[in-house]
Structures are given as structure tokens and as C-alpha cells.
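The values are calculated or read from the model by the stated rules, or taken from the named source; none is laboratory data. Since this is a predicted model, take the numbers as computed values, not measurements. As a convention, Cβ positions derive from the backbone with ideal geometry for all residues, glycine included, and neighbour counts pool all protein chains shown. In case anyone asks, the SASA skips ligands and DNA or RNA and just uses the protein heavy atoms, side chains included. Shrake-Rupley method; radii C 1.70, N 1.55, O 1.52, S 1.80 Å.
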Amino acid sequence: MTENVVLCDYAHARAGDKGNILSVAIFAYDPAHYAWLAAELTVERVASCLAHRQIGRVRRYELPNLGGFNFVVENALEGGVNASPGIDRHGKSLSYLLLDLRLPAPA
């Protein structure tokens with residue numbers, strides 16, 4: 001049986017917005033975990049984590065020199081800062097939601 005770990009034990013995140021588009025960058029604490037993150041932190045896994053927000057397309061940009069990834073998520077912010085009735089209009093808390101992902105432990 002494969003042990004699962006919490007992403008926040010291996011990476012940190014930074015989130016921002018542009019209109020109704022969320023950008024979340026995830027960076028490995030240890031460069032040795034970059035390949036593991038590349039294999040486990042997929043577009044599909046991020047989309048599934050945020051699916052409750054009825055998001056659009058998710059794109060992943062690899063940042064190997066920085067040991068991280070930038071995920072760009074369309075339609076994630078309930079219309080954006082000026083239109084959203086939500087408390088977190090910029091989507092900052094969504095980075096913490098991603099950091100709570102359970103992933104198979106690195107080898």
C-alpha cells in the first residue's frame with residue numbers, strides 16, 4: 001500500500017488573479033522533489049481539487065529552474081474581483097486548498 005503525504009509538507013504556494021483567472025504557483029522546498037511533483041501534481045489532479053468552483057480550463061507551466069509549476073485556472077474566481085460575491089475574491093485561499101492535496105509519497 002502506498003503511503004499518502006500532504007503537499008504542504010513538500011511545497012509552498014503563491015496565488016494571484018487576473019480578472020476571473022487564478023494563477024497558483026507551487027514550489028518544492030527541496031529541489032530533489034521536483035520530479036516527483038512533476039509526476040504527481042497534474043492538471044487533472046488540480047482540476048479535480050477545484051472542480052467544486054465550476055472552473056474552466058487548467059494549464060500547467062513548468063518552472064524547472066525555480067523548482068516549481070504555475071497553474072493557470074480559468075473561471076475560478078466567480079467572475080473576478082469586481083464581480084464576485086465571495087469573501088476571497090483574489091483566490092488566495094485556493095492555494096491552501098491545493099497545498100492540502102494528498103499525494104503518493106515520493107520515492
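Considering only residues of the range 39-57 that are at pLDDT 95 or above, in contact with a strand residue (DSSP E or B) (Cβ under 6 Å, 6 or more places away or on another chain) and open to solvent by 20 Å² or more (accessible area, probe 1.4 Å), which is farthest from Pro104 (Cα to Cα)?
Ala47
Enumerate the pairs (first residue in the range 43-59 and under 11 Å from Val24 (Cβ atoms); second residue anywhere and among the aromatic types (Phe, Trp, Tyr) and open to solvent by less than 40 Å² (accessible area, probe 1.4 Å)) with beta-carbon separation below 7 Å, excluding pairs fewer than 6 apart on the same chain, so at least 6 apart or on different chains.
Close Cβ pairs satisfying both conditions: Val46/Phe71; Val58/Phe71.
Please tell me if Arg14 is modelled with pLDDT of 90 or more and open to solvent by 60 Å² or more (accessible area, probe 1.4 Å).
Against the criterion (modelled with pLDDT of 90 or more and open to solvent by 60 Å² or more (accessible area, probe 1.4 Å)), Arg14 qualifies.
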